[in-house]
Amino acid sequence: MRRRVKHWAMLALGWGFMVLGVLGLFLPILQGVLFLCIGTIILSRRSVRVRWLILKAGQRWPKFRVALEKARIRAARLRWRLGLRRRYDG
């Protein structure tokens, strides 16, 4: 039961950031791209479709794939330094 609640909460949080990102594209106060990136990262942990879209984007734009891989490595190092030792999500 707890797992399902966490799953739905993460989906709601991810979609919330996506909505803020779309609003931020039109409103000068919000940083739209930042919220879209955060929402995509959160949703990619729970949604196979979003992971597939990220994979396709990496195939189309190699610089995106390189930047994404660098970000994953930095996040893994940060988690290690903070003591949140989890497996590498590669």
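The values are calculated or read from the model by the stated rules, or taken from the named source; none is laboratory data. Since this is a predicted model, take the numbers as computed values, not measurements. Cβ: placed from backbone, ideal geometry, glycine included. Neighbour counts: every protein chain shown.
When residue 5 is tested against (1) hydrophobic (A, V, I, L, M, F, W, C); (2) at pLDDT 90 or above; (3) loosely packed, with under 13 Cβ neighbours inside 10 Å, only condition (2) is not met. Filtering the range 44-66 to residues that are among the hydroxyl-bearing types (Ser, Thr, Tyr) and either assigned to a helix (DSSP H, G or I) or exposed (fewer than 11 other Cβ atoms within 10 Å of the Cβ) (or both) leaves only 44.
For every residue, the table says whether it meets (1) of a type in the set (A, V, I, L, M); (2) closer than 24 Å to residue 12 by Cα.
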{"residue": "24", "(1), (2)": "no, yes"}
{"residue": "27", "(1), (2)": "yes, yes"}
{"residue": "33", "(1), (2)": "yes, yes"}
{"residue": "42", "(1), (2)": "yes, yes"}
{"residue": "51", "(1), (2)": "no, yes"}
{"residue": "59", "(1), (2)": "no, no"}
{"residue": "71", "(1), (2)": "yes, yes"}
{"residue": "81", "(1), (2)": "no, no"}
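Counting only residues that are farther than 25 Å from residue 5 by Cα and part of a helix (DSSP H, G or I), the range 19-43 holds 8 of them. The set of residues in the range 1-17 that are out of contact with any helix residue (DSSP H, G or I) (no Cβ under 8 Å at 6 or more places or on another chain) and not in a loop (DSSP other than H, G, I, E, B) comprises 2, 3, 4, 5, 6, 7, 8, 9, 12.
Would you be able to say whether some residue in the range 24-36 is in contact with a Phe, Trp or Tyr (Cβ under 6 Å, 6 or more places away or on another chain) and either free of Cβ contacts under 8 Å to residues at least 60 places away in the same chain or surrounded by fewer than 13 Cβ atoms within 10 Å (Cβ to Cβ) (or both)?
So the first thing to find is which residues in the range 24-36 are in contact with a Phe, Trp or Tyr (Cβ under 6 Å, 6 or more places away or on another chain), and the list is 24, 35.
Those left that are additionally either free of Cβ contacts under 8 Å to residues at least 60 places away in the same chain or surrounded by fewer than 13 Cβ atoms within 10 Å (Cβ to Cβ) (or both): 24, 35.
So far as the range 24-36 goes, yes, one or more of its residues are in contact with a Phe, Trp or Tyr (Cβ under 6 Å, 6 or more places away or on another chain) and either free of Cβ contacts under 8 Å to residues at least 60 places away in the same chain or surrounded by fewer than 13 Cβ atoms within 10 Å (Cβ to Cβ) (or both).
Condition check: out of contact with any Asp or Glu (no Cβ under 7 Å at 6 or more places or on another chain) and modelled with pLDDT of 90 or more. Does residue 13 satisfy that? Criteria met by residue 13.
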